[in-house]
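The values are calculated or read from the model by the stated rules, or taken from the named source; none is laboratory data. Only a predicted model underlies this, so the values are computations on that prediction, with no experimental measurement involved. Cβ sites come from the backbone with ideal geometry, for glycine too, and all protein chains shown count toward neighbours.
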């Protein structure tokens, strides 16, 4: 019989199953994305109480079953991130962060840096609702692309290596491109370019802000990069005008 798996986890999603159970989508530091069933968790006298809600940071003991689902046998709360539930904007931002992690990192492969990044993002959203702004969410996604190994090239033209006149973006080329190579690219304003560079190099807590136009361009760069190189479609964040 396999030994139990003891791990920290973030609950990405919780789905009702049967009369009293829930299926949990989890992200862990050492085992990537896992699915587990919490039996009887919806009963009033469940031994798990309310410790397995979405966006909770928990410590679990999991037993491997015959199918794809682990079984939760022990759960302790590390952080509830309760402030997320106080505002619709933070709840939405947390859902989009969890969804991006689930889509970009859907296997059991270990990415401890992604786990740490997600824990940090949820903590920021819980303590300060201003972090629900699209700029922080885009900075989070850009860092996820870095962890996935598909971050766009920003230091020079992805097509020819030119370091000046970087005026457009091409996911197919792999990043920013210069004026001579922009035929199949979309325009990228200097403000949008600076946002991408500064967001990648700054802690999430200090994510830069930008105009709505710049954020829309930055989001397009992030979304098209994820689609072209990771074959993942991310949910939109910045409303089109």
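Computed values, structure above
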{"read-out": "Pick from the stretch 141-185, criterion assigned to a loop (DSSP other than H, G, I, E, B) and within 18 Å of residue 216 (Cα to Cα), ranking: farthest from the chain's Cα centre (by Cα)", "value": "185"}
{"read-out": "Filtered residues of the stretch 4-29 (kept if assigned to a strand (DSSP E or B), in contact (Cβ under 8 Å) with a residue 60 or more places away in the chain and farther than 17 Å from residue 56 by Cβ)", "value": "5"}
{"read-out": "Qualifying residue in the stretch 115-124 (condition: out of contact with any strand residue (DSSP E or B) (no Cβ under 9 Å at 6 or more places or on another chain), in a helix (DSSP H, G or I) and more than 23 Å from residue 86 (Cβ to Cβ))", "value": "yes"}
{"read-out": "Residue that is more than 20 Å from residue 209 (Cα to Cα) and over 17 Å from the mean Cα position of the chain (by Cα), where the choices are 68, 99, 128", "value": "68"}
{"read-out": "Complete set of residues in the stretch 30-39 that are outside any strand (DSSP E or B) and within 19 Å of residue 66 (Cα to Cα)", "value": "31, 39"}
{"read-out": "Hey, residue 211 closer than 30 Å to residue 123 by Cβ and at pLDDT 95 or above or not", "value": "yes"}
